[in-house]
Amino acid sequence: MATTAETHSFDLRVESVRALNALLHDPHGGAVRVCHPDGAHALAVGLNAPWEVELDGHVGYYCAGMNAQAQITVRGSAGVGLAENMMSGRVEVFGNASGAAGATAHGGLLVVHGDAAARAGISLKGAAIVVGGSVGHMSAFMAQSGTLLVCGDAGEGLGDSLYEAVIYVRGRVASLGADCVEQELDSDDLARITRLLAEAGIDGASAAEFRRYGSARELYNFHVDNAGSY
């Protein structure tokens with residue numbers, strides 16, 4: 001593995017994913033550029049140090065899973081489970097993301113500049129997810145806390161069984177899931193949207209163009225009249 005004083009250069013056509021992840025578990029952190037990821041799975045998983053990781057190409061399943069502290073950039077698209085259970089830090093993808101991007105993420109910022117497929121932000125627990133394109137069906141399903149901001153459209157069943165997470169959508173929503181309703185957009189929402197767009201580096205969108213969706217809170221406690229919605 002060739003290195004400089006500042007940045008490691010790691011070629012996955014020469015070295016293994018295990019060797020890469022072993023390097024990235026150094027608690028002191030650092031910077032690494034990964035060449036030829038070629039869709040490999042479980043890259044940059046379980047980081048818990050101030051690493052800066054650039055993956056120069058497409059990645060497979062569970063990239064950046066359980067991330068804490070690290071700044072991870074994907075110069076391509078990502079497979080299922082991107083940034084799953086992320087705790088902190090930043091994960092940024094300059095392509096598209098497959099299903100369940102940001103699932104159960106507790107903290108940090110996930111940015112997908114392209115589209116995110118079905119169930120983006122499923123069971124979200126506090127992180128912020130910004131999608132420059134559209135999201136697929138059942139996005140933010142059972143999202144408990146945090147924010148999903150979508151600059152494009154949203155598929156069917158958006159926010160199904162939503163708890164206290166907040167969803168902002170700029171485009172068209174195919175349908176809302178159980179207990180998810182449109183809510184008034186206030187000054188705090190406008191400030192939050194503006195901040196997230198700036199942090200994500202997304203231009204050309206105004207906060208006032210978004211609509212807010214949240215929980216109607218009718219499914220918090222069981223009621224027989226709502227039995228078909230659970």
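The values are calculated or read from the model by the stated rules, or taken from the named source; none is laboratory data. Note that the structure is predicted; figures quoted are calculated from it, not measured. Positions of Cβ are generated from backbone atoms using ideal geometry, with glycine treated the same way; all protein chains shown enter the neighbour counts.
Quick one: would you say Ser77 is under 25 Å from Ser175 (Cα atoms) and hydroxyl-bearing (Ser, Thr, Tyr)? If you could, list the steps in order and put the result at the bottom.
Working: under 25 Å from Ser175 (Cα atoms): no; hydroxyl-bearing (Ser, Thr, Tyr): yes.
Against the criterion (under 25 Å from Ser175 (Cα atoms) and hydroxyl-bearing (Ser, Thr, Tyr)), Ser77 does not qualify.
Residue-by-condition table, conditions (1) crowded, with 19+ Cβ neighbours inside 10 Å; (2) assigned to a loop (DSSP other than H, G, I, E, B); (3) touching a Pro at 6+ places or on another chain (Cβ under 8 Å):
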residue: Met138; (1), (2), (3): yes, yes, no
residue: Leu162; (1), (2), (3): yes, yes, no
residue: Gly171; (1), (2), (3): no, yes, no
residue: Glu182; (1), (2), (3): no, no, no
residue: Leu190; (1), (2), (3): no, no, no
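Considering every residue within the stretch 98-110, establish whether at least one is more than 17 Å from Gly65 (Cα to Cα) and at pLDDT 95 or above. It would help to see each step written out before you state the result.
Quick first cut of the stretch 98-110, residues more than 17 Å from Gly65 (Cα to Cα) only: none.
No: the stretch 98-110 contains no residue that is more than 17 Å from Gly65 (Cα to Cα) and at pLDDT 95 or above.
Which of the residues that make up the stretch 160-188 are among the charged types (D, E, K, R) and under 19 Å from Leu110 (Cα atoms)?
Taking the stretch 160-188 as the starting set, the residues that turn out to be among the charged types (D, E, K, R) are 160, 164, 170, 172, 179, 182, 184, 186, 188.
Passing the criteria: Glu164, Arg170.
Assess whether Asp225 counts as being of a type in the set (D, E, K, R), at pLDDT below 95, out of contact with any helix residue (DSSP H, G or I) (no Cβ under 9 Å at 6 or more places or on another chain) and not in a loop (DSSP other than H, G, I, E, B). Let's see the steps before the verdict.
On the way: of a type in the set (D, E, K, R): yes; at pLDDT below 95: yes; out of contact with any helix residue (DSSP H, G or I) (no Cβ under 9 Å at 6 or more places or on another chain): yes; not in a loop (DSSP other than H, G, I, E, B): yes.
Against the criterion (of a type in the set (D, E, K, R), at pLDDT below 95, out of contact with any helix residue (DSSP H, G or I) (no Cβ under 9 Å at 6 or more places or on another chain) and not in a loop (DSSP other than H, G, I, E, B)), Asp225 qualifies.
Quick one: in the stretch 141-160, which of the residues that are among the polar types (S, T, N, Q) and free of Cβ contacts under 8 Å to residues at least 40 places away in the same chain is surrounded by the fewest Cβ atoms within 10 Å (Cβ to Cβ)?
Taking the stretch 141-160 and keeping what is among the polar types (S, T, N, Q), we get 144-145, 147.
Those left that are additionally free of Cβ contacts under 8 Å to residues at least 40 places away in the same chain: 144-145.
Values: Gln144: 17, Ser145: 14.
Checking each candidate, the answer is Ser145.
Which of the residues spanning the stretch 192-218 are outside any helix (DSSP H, G or I), closer than 24 Å to Gly114 by Cβ and not small (Gly, Ala, Ser)?
From the stretch 192-218, those outside any helix (DSSP H, G or I) are 201-206, 210-218; that's our starting set.
If we keep only those that are closer than 24 Å to Gly114 by Cβ too, we end up with 201-206, 210-213.
Within the stretch 192-218, Ile202, Asp203, Phe210, Arg211, Arg212, Tyr213 meet the criteria.
Report, ordered by the first and then the second residue, all pairs with beta carbons closer than 6 Å, sequence separation of six or more or different chains, a first member in the stretch 171-185 that is free of Cβ contacts under 8 Å to residues at least 60 places away in the same chain and within 22 Å of Gln144 (Cβ to Cβ), and a second member that is of a type in the set (Phe, Trp, Tyr) and assigned to a strand (DSSP E or B).
Cys180/Tyr213; Glu182/Tyr213
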